[in-house]
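The block underneath contains the structure these notes are about, expressed in structure tokens.
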Amino acid sequence: MLTVNTEKGNAVRFTFDKTSATLTSRPGDAGEAEDVVTAASDGEFVVGMNGAYLRESIDHLDTEEIELDFNDPASPILLRKPGETDTHTIIMPMRV
């Protein structure tokens with residue numbers, strides 16, 4: 001996603017459904033990007049995140065799987081390793 005979106009903000013849109021998340025990057029210098037990853041969700045919703053912040057947070061957690069906890073698309077997003085409660089990162093959502 002971040003390869004095509006080099007603009008300030010690095011906005012990535014996450015569209016969650018019960019079994020997957022579709023990641024979409026706005027048109028940038030190198031075009032658009034879209035990817036679908038396996039995910040489990042309680043419902044369907046859309047949230048925007050700074051892709052660079054998310055990548056740094058995932059690198060810090062050093063895991064292949066992450067858990068995202070948030071109340072709604074406007075609330076802070078808690079990232080952590082599944083089942084772990086003592087190591088986490090918080091990212092604020094952004095409009096996309």
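The values are calculated or read from the model by the stated rules, or taken from the named source; none is laboratory data. Only a predicted model underlies this, so the values are computations on that prediction, with no experimental measurement involved. All Cβ positions, glycine included, derive from the backbone under ideal geometry; neighbour counts span all protein chains shown. Keep in mind that these areas ignore ligands, DNA and RNA; they rest on the heavy atoms of the full protein, side chains included. Shrake-Rupley method; radii C 1.70, N 1.55, O 1.52, S 1.80 Å.
Scanning the stretch 56-71 for residues that are open to solvent by 70 Å² or more (accessible area, probe 1.4 Å), within 18 Å of ALA40 (Cα to Cα) and either touching a residue at least 12 places away in the same chain (Cβ under 8 Å) or under 13 Å from the mean Cα position of the chain (by Cα) (or both) yields one hit, GLU65.
Among the residues of the stretch 45-57, are any under 19 Å from THR19 (Cβ atoms) and of a type in the set (S, T, N, Q)?
Quick first cut of the stretch 45-57, residues under 19 Å from THR19 (Cβ atoms) only: 45-47.
This time we only want the ones that are of a type in the set (S, T, N, Q), so: none.
No, every residue in the stretch 45-57 fails to be under 19 Å from THR19 (Cβ atoms) and of a type in the set (S, T, N, Q).
Scanning the stretch 45-55 finds no residues that are modelled with pLDDT under 90, surrounded by fewer than 16 Cβ atoms within 10 Å (Cβ to Cβ) and either assigned to a loop (DSSP other than H, G, I, E, B) or over 13 Å from the mean Cα position of the chain (by Cα) (or both).
Of all residues in the stretch 72-96, those that are of a type outside the set (Asp, Glu), open to solvent by less than 60 Å² (accessible area, probe 1.4 Å) and farther than 21 Å from ASP17 by Cα total 2. Note on the stretch 1-44: among residues that are outside any loop (DSSP other than H, G, I, E, B), open to solvent by 90 Å² or more (accessible area, probe 1.4 Å) and over 22 Å from ILE90 (Cα atoms), the one that is modelled with the lowest pLDDT is ARG26.
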